[in-house]
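Everything on this sheet refers to the single structure shown next.
The values are calculated or read from the model by the stated rules, or taken from the named source; none is laboratory data. Quick caveat: nothing in here was measured; it's all calculated off a predicted structure. Cβ placement follows ideal geometry from the backbone for every residue including glycine, while neighbour counts extend to all protein chains displayed. Heads up: the accessible areas ignore ligands, DNA and RNA and are worked out on the full protein's heavy atoms, side chains in. Shrake-Rupley method; radii C 1.70, N 1.55, O 1.52, S 1.80 Å.
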Amino acid sequence: MLHNDQLEQWDRENFFHPSTHLAEFARGNLQQRVIKTGYGCHIEDRDGNKMLDAFAGLYCVNVGYGRPEIAEAIAEQATELAYYHSYVGHGTEASITLAKMVLDRAPDHMSKVYFGLSGSDANETNIKLIWYYNNILGRPEKKKIISRWRGYHGSGLMTGSLTGLELFHKKFDLPLAQVMHTVAPDYFRRDDLSQSESDFVAYCVAELEAQIAHEGADTIAAFIGEPVLGTGGIVPPPAGYWPAIQAVLEKHDILLIADEVVTGFGRLGTMFGSDHYGMRPDLITIAKGLTSAYAPLSGSIVSDKMWKVLEQGTDENGPIGHGWTYSAHPIGAAAGVANLQLIDTLNLVENAGSVGTYLNDTMRAALGDHPNVGDIRGEGMICAVELVADKDMRIFFDGSDKVGPQIAAKMLEQDNVIARAMPQGDIIGFAPPFCLTRAEADTVVAATSRAVTAVLG
Ligand code: PLP
């Protein structure tokens, strides 16, 4: 085994880490962490430190770490057939089975699934399919996409544009011209504090209507949103938001993409967020929970309505010109099949709902009265604690104080619990594996409470 010093040097000299302050890392000012193993809700680094991972990696290791059922399925697939492509009608037992399993779980009006590798490439696929769809329908002007500020949809050229976070645009010449953003449905952060929740929904709808009127409905192809805003702050929508938005989209013949990369396959205590909020999307993006990140795999689930037009398109134009070498990779597909089976066998969707509700309730009971805790929110196995300088006046901390990152760091230092300081505001995010126990939820809450007290009193 390599010495830690050697590994650290190689890491700092050779490895370009994503979403990292590159100069600070290279200078050695940003701590390096080498993770060695994981089991259940815990990971362990090379120095033997055990940590309770209350963010499941990047909210993706939904069944928990170290599942032999998935590891064995991957090993068997790699031995039997590590790779074959899925172009021109090719497939494997794993990829065909997984497509059936996905469709069996998806809302009834969905028709087919296209497999990719990441949430970002699945959203790229979605936008291409939407442009193709409108070209086949003879409306080449209908191409713009509306996303939300603080939405997260990936970091490619198009998907980084859809992402409504400044960090993902700044200095990259994004967003692209075809993308525009509308209001984030964050009731806690509303500008007008006198608004009721339903007033706020009406405001979101009015803003969307105004944008559509300004651009012209015949230029707008689709609206993309996560059922629960994720990376932008873990924000469940205000009551009635999705039905109200969907009514506007239907009126203007604008397609809806539900980006379920985080919410798909159980995180909210239902198989899909679309079921949870009564959304009727034309496309659903899936990734993380499809394989619980045991292997990279994503998908675009296409509705009947769009599928018919795609078929018409290939009758008129020949094969669809869209494919990745690794689409439906057999190893990812085998991991997906084993993962979805495990979710069923262990009733993990139900556990995500019940233990997740317990986590949210316990967090509220422990921290709801703290003078610097402005909001505690969540749904199923996802939760956020938002910190404020003044609760009554809802005054936020100055970002440069880095209150959120300080609290997350304290949680790790004091109690070996990993939470995520969300990139937008002082928000501590929790999205543990679905196998979290009530005792582990208690540990997460106690660690949060101790860290908030240590940093803010
Ligand atoms: N969509 C959502 C809702 C996400 O949360 C993410 C990643 O966190 C993505 C898309 C992008 O997925 P990936 O990082 O696999 O490209």
Legend entry - Residue-span extension gain [Asn49 to Asp192] - 0.36 nm each, minus C-alpha spacing: 46.9 nm
Inset, instruction - With a/c under 1.5 counting as rounded, go ahead and sort the stretch 192-325 into rounded, prolate or oblate using the C-alpha gyration tensor (a ≥ b ≥ c being the square roots of the eigenvalues; past the cut-off, prolate if a/b is larger than b/c, else oblate). - result: oblate
Inset, instruction - Determine the gain in length on full extension of the stretch Glu166-Ala446; use 0.36 nm per residue of separation and subtract their C-alpha separation, reporting nm with one decimal. - result: 97.5 nm
Legend entry - Lysine pair number, Cα distance threshold 22 Å (strictly under), the stretch 69-346, separation 8 or more or different chains: 26
Legend entry - Accessible solvent surface per residue of the chain, calculated while the other protein chains remain in place, 1.4 angstrom probe, Å²: 43
Legend entry - For the stretch 8-51 versus the stretch 261-330, the gap between their alpha-carbon centres in whole angstrom: 32
Legend entry - Relative contact order for the chain, counting Cα pairs under 8 Å that sit 6 or more residues apart, in percent: 20
Inset, instruction - Would you work out the relative contact order for the stretch 314-413, in percent, from Cα pairs under 8 angstrom that are 6 or more residues apart? - result: 15
Legend entry - Cut-off 14 Å (backbone N to label point 7 Å along Cα→Cβ of Glu76), residues of the stretch 306-349: 331, 333-342
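In whole percent, how big is the carbon plus sulfur part of the accessible area of the stretch 10-127, probe 1.4 Å, protein atoms only?
C and S fraction of accessible area: 56 percent.
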Inset, instruction - Grab the other residues whose beta carbon is less than 13 angstrom from that of Ala221, score K and R as +1, D and E as -1, and report the net. - result: 0
Inset, instruction - Using only the C-alpha atoms of the stretch 92-230, find the volume of their convex hull and express it per residue in Å³. - result: 148
Legend entry - Cα shape, the chain, gyration tensor, a/c 1.5 rule: oblate
Inset, instruction - Please work out the C-alpha center-to-center distance from the stretch 76-101 to the stretch 397-446 and express it in whole Å. - result: 39
Legend entry - Theoretical ellipticity at 222 nm over the chain - DSSP helices of four or more residues, -39500 (n - 2.57) apiece, nearest 500: -13000 deg cm²/dmol
Legend entry - Inter-label distance, nm, simple model (7 Å from Cα along the C-beta direction), Lys36/Ala239: 5.1
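Within 12 Å, Cβ to Cβ, of Gly116, how many net charges do the neighbouring residues add up to if Lys/Arg are +1 and Asp/Glu are -1?
The answer is -1.
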Legend entry - Solvent-accessible surface (1.4 angstrom probe) belonging to Leu167, in square angstrom, nearest 10: 120
Inset, instruction - Give, as ranges by residue number, the residues of the stretch 194-223 whose backbone N falls under 19 Å from the point 7 Å along Cα→Cβ of Ala247. - result: 196-213, 223
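Suppose accessible area is computed on protein heavy atoms with a 1.4 Å probe; arrange Asp259, Asp442, Asp218 from highest to lowest.
Accessible-area ranking of Asp259, Asp442, Asp218, largest first: Asp218, Asp442, Asp259.
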